[in-house]
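Trainee: Below: one structure in structure tokens.
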Amino acid sequence: MVTTNAPAIEEFKNTSRLWQIGFFALNNTATNLYMFIMGFVSYYATGVAGLTVMIISTVLMAMRMFDGITDPIVGYFIDKTNSKLGKFRPFMIVGNIILAGSVLIIFNVTHMLPQEYQLLFFIFMYAIHMIGYTFQTACTRAAQTVLTNDPKQRPLFSGFDASYNIGIFIGGQVLVASYLVPKHGGFTYGFFVELNLYAVILSAIFTLMAVSAIWEKDRTKYFGFAEKTVKTKFKDYWPVIKRNRPLQMLVLAASTDKLASSVLRQPAVPVMFFGILLGDYALSGTISLITVVPTLLITFVGIAFARRTGLKNVFVLGTWGALLFFTLTLIMLFLIDPATISLSNLTFTTVLFLILYTLGYSFMGFTGNIVIPMIADTSDYETHVTGRYVPGMISTIFSFVDKMISSLAISLVGFLLATIGYIEEFPQVDELLTPSLFTMTLIMYFAIPMAGWVISLIAMKFYELDGKRMKQIQEEIAEVKQIYVSKDEMPSLTDDNK
């Protein structure tokens with residue numbers, strides 16, 4: 001490696017203003033809004049449209065897999081795109097328009113059709129919804145590379161993302177459990193109309209804010225080594241997967257974590273845990289609010305640590321924290337009567353449960369948020385090794401495998417519930433707790449996530465991109481770019497650079 005002077009290398013350091021990082025994180029929030037409301041689509045399909053549990057679980061799993069298949073295709077076109085609106089902004093805008101239109105059609109038209117057409121229509125519209133979702137989510141991951149290449153700045157995205165996700169998933173659960181369900185008498189048509197209206201409006205606003213944040217950075221100046229569009233082919237995907245070991249390990253760790261969190265977010269699971277096991281479904285929203293402050297504290301402490309030691313180290317620590325406190329919570333539930341847990345009677349048992357549950361849930365949320373900037377690290381690793389700037393390819397390889405594995409969550413919940421007799425409909429909040437429900441609730445809420453975290457810890461043993469390694473990679477990329485700039489040429493972007 002040829003060494004150049006520090007000021008020259010510093011010219012290629014790409015940083016963003018704090019508001020740009022904060023606003024761009026809203027792109028993920030915009031799509032998470034749709035993820036949240038579509039989590040209830042199984043209740044719409046079975047309760048309003050009249051489809052069965054097993055049919056809808058199978059369809060939703062297939063749609064999630066279809067979503068994964070579309071990822072490499074969208075990534076291919078992102079890497080080839082360099083329009084007047086840039087590389088990423090067109091996909092963000094079009095994606096959000098598709099998401100809004102498809103959701104309004106699915107929830108307002110499906111149940112109005114003759115029964116023999118409902119399933120086919122639902123599948124068709126859900127497939128369109130997934131395409132729009134891929135358009136926008138691929139940009140969240142891929143555009144990290146142009147947002148900033150400073151290892152000290154990249155963790156900041158996770159802080160904003162974690163804060164926004166609390167508003168979506170915790171605030172949303174409070175809205176659903178404490179306001180919308182009582183107001184509409186359950187998961188009725190009116191429930192979905194009101195919930196979807198909130199999501200469509202907020203998501204559009206968040207997308208426009210994210211577009212404004214990336215506007216300055218979505219230019220060829222920030223596209224890796226070169227100011228040309230990289231020539232990629234679909235056959236290039238396999239060599240990247242085969243060569244990029246950090247990407248392999250991150251995919252394995254993050255996808256098993258995603259499977260765990262996806263299971264927890266299936267609407268039937270909190271209904272079983274809070275509504276049936278603990279006997280108070282509204283408690284899900286209240287306890288979620290209690291976790292807000294600890295989650296933010298853990299996130300911001302973790303970010304400060306990541307800026308000094310790298311993203312890998314905090315991901316590992318967060319995973320250990322989630323595994324430890326979920327294990328302790330599970331042991332506690334075996335030793336006590338869960339029905340004694342109540343916020344109206346703050347006994348020692350309730351306080352201990354709140355502490356263990358809150359810490360476990362907070363660490364779980366933190367590890368999920370730290371993954372997105374880690375994808376940018378694996379993309380920079382690819383640029384460092386091959387000279388090719390292919391963030392679309394890297395991000396969609398990640399999301400393809402991630403979605404293939406996490407798609408199992410929908411089907412897994414449906415299958416496990418079918419084994420204990422829930423074939424036609426999902427468990428409801430007013431059901432009695434049976435031994436089979438007790439066991440299945442603990443399996444879904446604790447055993448499956450814990451297995452995912454064990455796999456994540458093993459994968460991180462083989463992930464080399466710690467803070468020291470990323471600093472070295474960014475310095476070497478800057479050196480190479482400086483050499484080519486001084487010679488008034490850039491590296492070739494053909495297949496020879498593979």
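Trainee: When you look at F446, is it aromatic (F, W, Y), touching a Ser or Thr at 6+ places or on another chain (Cβ under 9 Å) and more than 25 Å from L317 (Cα to Cα), yes or no?
Mentor: Spelling it out, it is not the case that F446 is aromatic (F, W, Y), touching a Ser or Thr at 6+ places or on another chain (Cβ under 9 Å) and more than 25 Å from L317 (Cα to Cα).
Trainee: Identify all residues within segment 429-440 that are surrounded by fewer than 20 Cβ atoms within 10 Å (Cβ to Cβ) and either assigned to a helix (DSSP H, G or I) or not aliphatic (A, V, I, L, M) (or both); write none if there are none.
Mentor: D430, E431, T434, P435, S436, L437, F438, T439
Trainee: To continue, here is another question. It is to be established whether one or more residues within segment 130-138 are in contact with a helix residue (DSSP H, G or I) (Cβ under 6 Å, 6 or more places away or on another chain), of a type in the set (A, V, I, L, M) and within 20 Å of L195 (Cβ to Cβ).
Mentor: Yes - at least one qualifying residue is present in segment 130-138.
Trainee: Report, ordered by the first and then the second residue, all pairs with beta carbons closer than 6 Å, sequence separation of six or more or different chains, a first member in segment 174-191 that is under 23 Å from M112 (Cβ atoms), and a second member that is aromatic (F, W, Y).
Mentor: From residues that are under 23 Å from M112 (Cβ atoms), the pairs are L180/F191; H184/F191; F187/Y43.
Trainee: Follow-up. Taking the options F400, F426, name whichever one is crowded, with 22+ Cβ neighbours inside 10 Å, of a type outside the set (G, A, S) and outside any helix (DSSP H, G or I).
Mentor: F426
Trainee: Another question, then. Only one of I455, I443 is under 30 Å from I131 (Cα atoms), modelled with pLDDT of 90 or more and in a helix (DSSP H, G or I); which?
Mentor: Unique residue meeting the criteria: I455.
Trainee: Give just the number: which of (1) closer than 23 Å to M92 by Cβ; (2) surrounded by fewer than 20 Cβ atoms within 10 Å (Cβ to Cβ) does Y117 not satisfy?
Mentor: Looking at each condition in turn, Y117 falls short on (1).
Trainee: Could you list all residues from segment 326-349 that are exposed (fewer than 13 other Cβ atoms within 10 Å of the Cβ) and under 29 Å from D257 (Cβ atoms)?
Mentor: Answer for segment 326-349, where residues must be exposed (fewer than 13 other Cβ atoms within 10 Å of the Cβ) and under 29 Å from D257 (Cβ atoms): I331, F334, L335.
Condition check ((1) out of contact with any Lys or Arg (no Cβ under 7 Å at 6 or more places or on another chain); (2) at pLDDT 75 or above; (3) more than 19 Å from E216 (Cα to Cα); (4) not in a loop (DSSP other than H, G, I, E, B)) across all residues:
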site: V2; (1), (2), (3), (4): yes, no, yes, no
site: P7; (1), (2), (3), (4): yes, no, yes, yes
site: L33; (1), (2), (3), (4): yes, yes, yes, yes
site: F36; (1), (2), (3), (4): yes, yes, yes, yes
site: Y43; (1), (2), (3), (4): yes, yes, yes, yes
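Trainee: Also, I was wondering about something else. Mind listing whichever residues of segment 354-390 are part of a loop (DSSP other than H, G, I, E, B) and of a type in the set (G, A, S)?
Mentor: G387
Trainee: Further question on the same structure: For segment 385-421, what are the residues that are over 21 Å from the mean Cα position of the chain (by Cα) and under 19 Å from T220 (Cβ atoms)?
Mentor: The answer is T386, G387, R388, Y389.
Trainee: Scanning segment 376-391 for residues that are in contact with a Lys or Arg (Cβ under 8 Å, 6 or more places away or on another chain) and closer than 16 Å to I78 by Cα, which turns out surrounded by the most Cβ atoms within 10 Å (Cβ to Cβ)?
Mentor: P391
Trainee: So is A162 in contact with a Leu (Cβ under 8 Å, 6 or more places away or on another chain) and of a type outside the set (V, I, T) or not?
Mentor: yes
Trainee: Looking for whichever is of a type in the set (V, I, T), modelled with pLDDT under 90 and more than 29 Å from S362 (Cβ to Cβ) here; the options are T110, T148. Which one fits?
Mentor: T110
Trainee: List, please: which pairs have Cβ atoms under 7 Å, are six or more places apart or on different chains, and start with a residue in segment 339-364 that is more than 17 Å from S288 (Cβ to Cβ) and end with one that is exposed (fewer than 15 other Cβ atoms within 10 Å of the Cβ) and among the basic types (K, R)?
Mentor: Between residues of segment 339-364 that are more than 17 Å from S288 (Cβ to Cβ) and residues that are exposed (fewer than 15 other Cβ atoms within 10 Å of the Cβ) and among the basic types (K, R), there is no close pair.
Trainee: Additional query: For segment 54-77, does any single residue satisfy the condition of being modelled with pLDDT of 90 or more and crowded, with 22+ Cβ neighbours inside 10 Å?
Mentor: Scanning segment 54-77 turns up no residue that is modelled with pLDDT of 90 or more and crowded, with 22+ Cβ neighbours inside 10 Å.
Trainee: Identify the single condition in (1) under 29 Å from F160 (Cβ atoms); (2) in contact with a Phe, Trp or Tyr (Cβ under 6 Å, 6 or more places away or on another chain); (3) not polar (S, T, N, Q) that Y44 does not satisfy, given that it satisfies every other one.
Mentor: Among (1) under 29 Å from F160 (Cβ atoms); (2) in contact with a Phe, Trp or Tyr (Cβ under 6 Å, 6 or more places away or on another chain); (3) not polar (S, T, N, Q), the lone unmet condition for Y44 is (1).
The values are calculated or read from the model by the stated rules, or taken from the named source; none is laboratory data. Because the structure is a prediction, the values reported are computed rather than measured. We place every Cβ from the backbone using ideal geometry, glycine too, and count neighbours over all the protein chains shown.
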